[in-house]
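Undergrad: Questions regarding the structure given below will be posed in turn.
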Amino acid sequence: MMKKFSYQLVLNFKRVVLRNPGFLVGAVLLPIVFYLVFTKALNQNTSSEWNLNYLASMIVYGILLGSVMTTTSVMIGDAQGGYNKLLRLTPISKWSFYLNMLVTFEVLNLLCILGISSVGVMVNQVQLHLKAWLGLMLVVPLASLPLILIGFIISRGCDYSLGTTVSNLIIFPLAIVSGLWLPIELLPKWMQTVGKVMPTYYLRQLTFNLINEQSLGSKNCLWIGGWLLVLLGLLVILTKFKTKEV
C-alpha cells in the first residue's frame, strides 16, 4: 500500500509542482519581493528584530497563497479535467487521494519556507540556528493544515473562475487583518479583533516564536487545532453532500 501511495505522491509532485511554475511566482517569489521591499528598499536601516518579524509574516503569506490558491486551482482542475473520474476506476480511495494531495501541498509549503527563509539569511543576515530551521521545516507545515483545508473546501463548491475569485477574497483580507503585511497593532481596533481569531494570525505568532527559538505557545496551538477540526468537519460534510449529488 505504501508503494502505491509513494508512486501516487511522485506523480502528483510532478504534475502539480514541476508543471506549475505559477506556484513559484505566487507562493515563493511574491513573498520574497515583499520581504525585500519592506526590509531593504523602503527602509535601509531596518533592525534585526524587524527583519525577523517580517520574515515570519512573509513565510505565512507564502503558505497562505500556496495553500489556498494553488490547492484550489489544482483540485478544481482535477475535477473539471476528468482526473477525479479516472481515479474512480482505480483502487485508490477518495480519502487516500485527499491525503496524498495534502502531502503534495505540504511539500510545496516546505519549498516556500525554505526559499523565503534562505533569502532572509543570505540578504538580511537573519540568524537561524538548527533549532529554528527544524521548527520551520517540521512544525510550520503541520500548523498550516487548516489553510490547505480551506483550499479543499473552496474546490468542492466552486468552478475554476469562481474558485479563483473566492480564493482572492479570502487570501488578501486574511493577510491584512492577520498582520502579515503591516503589524496588526497599526490596524483599527475592529480589524485587530477580527484578525486575532484567524488561523493565519496564530500561524504567524507560532512561526515568529520558532524563528526566535521560543515555545510554540499553547494559545497558538489551541486556536490552530480548533480551526483544523472545524474545517475538517466542514470538508467531510461537503464531500458527503457532493457524493450524494453524484
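Undergrad: What pairs come up if the first residue lies in the range 134-156 and is of a type in the set (Phe, Trp, Tyr), the second is buried (at least 21 other Cβ atoms within 10 Å of the Cβ), and their beta carbons are under 9 Å apart, counting only those six or more places apart or on different chains?
TA: Phe152/Thr71; Phe152/Thr72; Phe152/Met75; Phe152/Met101
Undergrad: Checking the structure you have, find out if any residue of the range 114-134 is buried (at least 23 other Cβ atoms within 10 Å of the Cβ), among the hydrophobic types (A, V, I, L, M, F, W, C) and within 14 Å of the chain's Cα centre (by Cα).
TA: yes
Undergrad: Just give me the residues in the range 186-215 being of a type in the set (D, E, K, R), within 20 Å of Ile113 (Cβ to Cβ) and either at pLDDT below 95 or surrounded by fewer than 17 Cβ atoms within 10 Å (Cβ to Cβ) (or both), in sequence order.
TA: Glu213 - this is the single residue of the range 186-215 that is of a type in the set (D, E, K, R), within 20 Å of Ile113 (Cβ to Cβ) and either at pLDDT below 95 or surrounded by fewer than 17 Cβ atoms within 10 Å (Cβ to Cβ) (or both).
Undergrad: So, in the range 178-214, exactly how many residues are under 28 Å from Leu134 (Cα atoms), out of contact with any Cys (no Cβ under 9 Å at 6 or more places or on another chain) and either in a helix (DSSP H, G or I) or among the polar types (S, T, N, Q) (or both)?
TA: Selection size over the range 178-214: 16.
Undergrad: Under 9 Å by Cβ, and 6 or more places apart or on different chains, what pairs join a residue from the range 221-241 that is more than 10 Å from Tyr202 (Cβ to Cβ) with one that is aromatic (Phe, Trp, Tyr)?
TA: Pairs that qualify, where the first residue is more than 10 Å from Tyr202 (Cβ to Cβ) and the partner is aromatic (Phe, Trp, Tyr), are Leu231/Phe152; Leu235/Tyr98; Leu235/Phe152; Leu238/Phe152; Thr239/Trp95; Thr239/Tyr98; Thr239/Phe152.
Undergrad: Something else about it: Could you tell me whether any residue of the range 156-164 is surrounded by 16 or more Cβ atoms within 10 Å (Cβ to Cβ), within 30 Å of Asp78 (Cβ to Cβ) and among the charged types (D, E, K, R)?
TA: Yes: the range 156-164 contains one or more residues that are surrounded by 16 or more Cβ atoms within 10 Å (Cβ to Cβ), within 30 Å of Asp78 (Cβ to Cβ) and among the charged types (D, E, K, R).
Undergrad: Does Leu102 meet the test of being surrounded by fewer than 23 Cβ atoms within 10 Å (Cβ to Cβ), out of contact with any Asp or Glu (no Cβ under 7 Å at 6 or more places or on another chain) and more than 19 Å from Met58 (Cβ to Cβ)?
TA: For Leu102, the condition - surrounded by fewer than 23 Cβ atoms within 10 Å (Cβ to Cβ), out of contact with any Asp or Glu (no Cβ under 7 Å at 6 or more places or on another chain) and more than 19 Å from Met58 (Cβ to Cβ) - is met.
Undergrad: Moving on to the next point. Looking at Ser57, Ser47, which is the one that is modelled with pLDDT under 75, closer than 21 Å to Ile184 by Cα and either buried (at least 19 other Cβ atoms within 10 Å of the Cβ) or out of contact with any Asp or Glu (no Cβ under 9 Å at 6 or more places or on another chain) (or both)?
TA: Ser47
Undergrad: Residues to consider are Pro183, Pro173, Pro188, Pro199; find the one that is touching a Phe, Trp or Tyr at 6+ places or on another chain (Cβ under 8 Å) and on the phi < 0 side of the Ramachandran plot.
TA: After applying the criteria, what remains is Pro199.
Undergrad: So if I check each of Ile116, Ile154, which one is touching a Gly at 6+ places or on another chain (Cβ under 9 Å) and more than 21 Å from Leu228 (Cα to Cα)?
TA: Ile116
Undergrad: Still on this structure, I have one more. Being buried (at least 16 other Cβ atoms within 10 Å of the Cβ), touching a helix residue (DSSP H, G or I) at 6+ places or on another chain (Cβ under 9 Å) and not basic (Lys, Arg) narrows it down to one of Leu174, Leu232, Leu182, Leu222, so name that one.
TA: The conditions single out Leu174.
The values are calculated or read from the model by the stated rules, or taken from the named source; none is laboratory data. What you are looking at is a predicted structure, and each value in this text was computed from that prediction instead of being measured. Note that each Cβ is placed from the backbone with ideal geometry, even for glycine, and that neighbours are counted across all protein chains shown.
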